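The values are calculated or read from the model by the stated rules, or taken from the named source; none is laboratory data. What you see is a predicted model; the values in this text were computed from it and never measured. Because the Cβ atoms are built from the backbone with ideal geometry, glycine has one as well, and the counts that use them run over all protein chains shown.
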Amino acid sequence: MIDEGRPIFRQIAERIAAEVLDGTLAEESQVPSTNEFAAIHRINPATAAKGVNELVDAGVLYKKRGIGMFVTTGARKRLLAERRARFDTEYVEPLLREAARLGIRPEELHRLITEQEVTA
């Protein structure tokens with residue numbers, strides 16, 4: 001499903017990356033073509049290509065000439081490392097700032113986090 005508030009090509013790239021991370025797209029497996037993405041999401045093929053090319057530039061996908069795009073060996077590991085490196089600044093720091101604004105002490109925040117059931 002496309003979110004109108006963000007660039008569509010970026011959403012395509014994020015969706016493919018998420019599928020690599022969760023194992024839906026295994027390393028060395030073929031990803032849908034830009035025309036398939038365009039048809040599924042009813043978007044311009046050039047927009048889909050821009051999202052796919054973003055992942056090619058990041059080393060997550062590679063092209064087999066005349067066959068299509070494939071997930072690079074080591075792509076999952078690379079994506080995990082990148083996301084872990086950003087986790088602190090993108091999630092932990094904002095969480096701690098908001099907790100401080102609300103007067104939530106570190107022990108209470110820890111309790112709230114550990115009581116949450118994680119669903120993937």
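Some notes on this structure:
- Neighbours by Cβ (under 7 Å, 6+ apart or cross-chain): first from the range 22-50, without any contact (Cβ under 8 Å) to a residue 12 or more places away in the chain; second among the small types (Gly, Ala, Ser): Ala38/Ala48; Asn44/Ala38; Pro45/Ala38
- Scan of the range 34-59 for residues that are at pLDDT below 90 and either in contact with a Ser or Thr (Cβ under 6 Å, 6 or more places away or on another chain) or of a type in the set (D, E, K, R) (or both), ordered by number: Arg42
- Residue within the range 100-115 that is over 20 Å from Arg10 (Cα atoms), of a type in the set (Gly, Ala, Ser) and part of a helix (DSSP H, G or I) present: yes
- For the criterion of being without any contact (Cβ under 8 Å) to a residue 40 or more places away in the chain, in a loop (DSSP other than H, G, I, E, B), over 19 Å from Arg83 (Cβ atoms) and not aromatic (Phe, Trp, Tyr), Gly5 passes.
- Of all residues assigned to the range 66-76, none qualifies as being charged (D, E, K, R) and either in contact with a strand residue (DSSP E or B) (Cβ under 9 Å, 6 or more places away or on another chain) or without any contact (Cβ under 8 Å) to a residue 12 or more places away in the chain (or both).
- Total residues in the range 78-112 satisfying the condition of being within 30 Å of Val60 (Cα to Cα) and not acidic (Asp, Glu): the figure is 14.
- Yes/no for Arg76 being surrounded by 10 or more Cβ atoms within 10 Å (Cβ to Cβ), closer than 14 Å to Leu21 by Cβ, at pLDDT 90 or above and not acidic (Asp, Glu): yes
- All positions within the range 25-73 that are exposed (fewer than 13 other Cβ atoms within 10 Å of the Cβ), over 18 Å from the mean Cα position of the chain (by Cα), among the β-branched types (Val, Ile, Thr) and assigned to a loop (DSSP other than H, G, I, E, B): Ile67
- Against the test of being closer than 30 Å to Glu4 by Cβ, outside the structural domain of Glu19 (by TED's automatic domain parsing), in contact (Cβ under 8 Å) with a residue 24 or more places away in the chain and of a type in the set (A, V, I, L, M), the options Leu61, Leu55, Leu80, Leu95 yield a single qualifying residue, Leu80.
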